Amino acid sequence: MFLNKKETFNIDKFWRDYETSIGEKVLAKSLARYLSGREEYPEPLWGLAIAAEKSFRFHHFPHEGWIIALSRITTGGEAPKEKTFTIPREQIVSVELVIEKRWWKKLLAPSNPLLLIHCRQDGTETTVAIETDRQAQAVVEALS
């Protein structure tokens, strides 16, 4: 979707529409990069970590540059698709935000906070690892 100069993106409308589409209220959100924990997504993905009333959601919004789009169109490839997953609250065992506190490690090997969601699925416990920013503390609090 391209916006002309008179059109603007309305973030409030986006979140109202998003809540309508998922059927629950969004409590907190953070920019995130999914790392591991789901078999269907073996590679890292950028997206949003979302704490909703009844679930945790990760939502990857696909994009492609114009050169890749042109290449895809000329070769007949498929456009990238949204990638999402949901963890219902009843499956969440615990949630933690790991932030490096040692000054020397932050200096030598800077890293973003790591959101770990421990959950039970089909009788087994798994951990979903998501790299995020400090705003994820609101996501942790909303899921606790």
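The values are calculated or read from the model by the stated rules, or taken from the named source; none is laboratory data. Predicted model, so just to flag it, every value in this text is computed and none were measured. Note that we place each Cβ from the backbone using ideal geometry, even for glycine, and neighbour counts take in every protein chain shown. Quick note on the areas: whole protein, heavy atoms, side chains included, nothing else; ligands and nucleic acids left out. Shrake-Rupley method; radii C 1.70, N 1.55, O 1.52, S 1.80 Å.
Taking a straight Cα-Cα cut-off under 15 Å and skipping sequence neighbours fewer than 8 places away in the same chain, the aspartates and glutamates within cross-link reach of LYS83 are GLU39, GLU40, GLU43, GLU64.
Here PHE9 and ASP133 are evaluated by their C-beta separation; at R0 = 22 Å the FRET efficiency comes out at 0.60.
Taking 18 Å as the straight-line reach from the Cα of LYS25, the aspartates and glutamates in range (excluding those fewer than 8 positions away in the same chain) are ASP12, ASP17, GLU53, GLU90, GLU141. When the residues ASP17, ASP133, ASP122, ASP12 are ordered by accessible surface, computed with a 1.4 Å probe over the protein chains alone, the sequence from largest down reads ASP122, ASP12, ASP17, ASP133. Ranked by solvent-accessible area (1.4 Å probe, protein heavy atoms only, all chains present), the residues TRP46, TRP103 order from largest to smallest as TRP103, TRP46. Taking square-rooted eigenvalues a ≥ b ≥ c of the alpha carbon gyration tensor, is the stretch 85-144 rounded, prolate or oblate, where a/c under 1.5 means rounded and, failing that, a/b exceeding b/c means prolate? Prolate, because a/c is 1.5 or more and a/b exceeds b/c. Of the listed residues GLU78, GLU24, GLU39, the order by accessible area with a 1.4 Å probe, largest first, is GLU39, GLU78, GLU24.
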